[in-house]
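Worksheet: the structure to be examined is printed underneath.
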Amino acid sequence: MVAQLQTESQTKSKRYSPEEYLELEEQAQARSEYRDGEIVLMAGGTVNHNRIAGAFYRAIPDEIGDQVYEGFIGDMKVWIPQKRMYPYPDVLVVAGEPAYHAGRQDIIENQLLIVEVLSKSTQQYDQTDKFDAYRTISSLQEYIMIDQYSYWVKQFVRGDRGQWIFTELIGQDAILQLGSIDFEIILKQLYQRVQFEPNAELSSDAE
């Protein structure tokens with residue numbers, strides 16, 4: 001979840017290099033993302049946001065067959081060179097050992113799966129410009145967006161020819177079957193302990 005740090009006039013008058021951003025980020029008391037010269041302050045998450053991200057993170061197994069996986073939640077950046085961006089995914093998963101960018105252990109390069117929990121303020125960005133940027137990551141095989149106000153998940157899996165295959169899941173009995181990992185989870189489990197706004201659950205089940 002992010003909120004604009006600078007006003008439009010301030011953004012036009014001051015742009016930052018990636019190196020300047022990383023230096024400022026180390027000293028800052030609050031986290032921010034870097035977007036091609038702009039520094040954008042990250043807002044705090046809701047209880048539902050944290051419960052959903054935490055449930056997904058805890059559900060991913062450490063090992064499937066002979067493949068080891070590792071998940072990270074909230075605190076790891078990724079570097080997107082084609083878009084000059086340092087976003088903080090809500091959850092990311094790597095296969096094997098993480099590969100770090102520029103020797104820094106807070107920036108990962110080999111993400112296999114990225115998850116974003118949508119909010120009213122960020123859902124448009126997460127589904128458009130941010131997804132456009134994520135698609136340029138060569139290692140990324142799957143992008144999942146989870147609504148925090150109802151049982152609703154949007155799943156994109158990279159196909160054999162590089163195309164992105166979309167699946168929409170609605171309702172507590174829907175099953176999210178991952179394309180990048182041999183694993184599945186029912187939405188009821190993913191949304192466990194989530195407190196929906198009044199009528200939100202009913203509206204999602206009716207669709």
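The values are calculated or read from the model by the stated rules, or taken from the named source; none is laboratory data. All figures in this text were calculated on a predicted structure; none of them were measured in a lab. Every residue, glycine among them, receives a Cβ derived from its backbone with ideal geometry; neighbour counts consider all protein chains shown.
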Taking strands (runs of 3 or more DSSP E) that fall entirely within region 137-192, which contain at least 2 residues that are loosely packed, with under 13 Cβ neighbours inside 10 Å and modelled with pLDDT of 95 or more? 164-170
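Rundown of residues vs (1) closer than 24 Å to TYR191 by Cα; (2) at pLDDT 95 or above; (3) in a strand (DSSP E or B), yes/no style:
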| site | (1), (2), (3) |
| --- | --- |
| LEU41 | no, no, yes |
| ILE52 | yes, yes, no |
| GLU70 | yes, yes, yes |
| LEU112 | yes, yes, yes |
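Against the definition (aromatic (Phe, Trp, Tyr) and surrounded by fewer than 18 Cβ atoms within 10 Å (Cβ to Cβ)), how does TYR100 come out, yes or no? Spell out how you get there, then give the answer.
Working: aromatic (Phe, Trp, Tyr): yes; surrounded by fewer than 18 Cβ atoms within 10 Å (Cβ to Cβ): yes.
Spelling it out, TYR100 is indeed aromatic (Phe, Trp, Tyr) and surrounded by fewer than 18 Cβ atoms within 10 Å (Cβ to Cβ).
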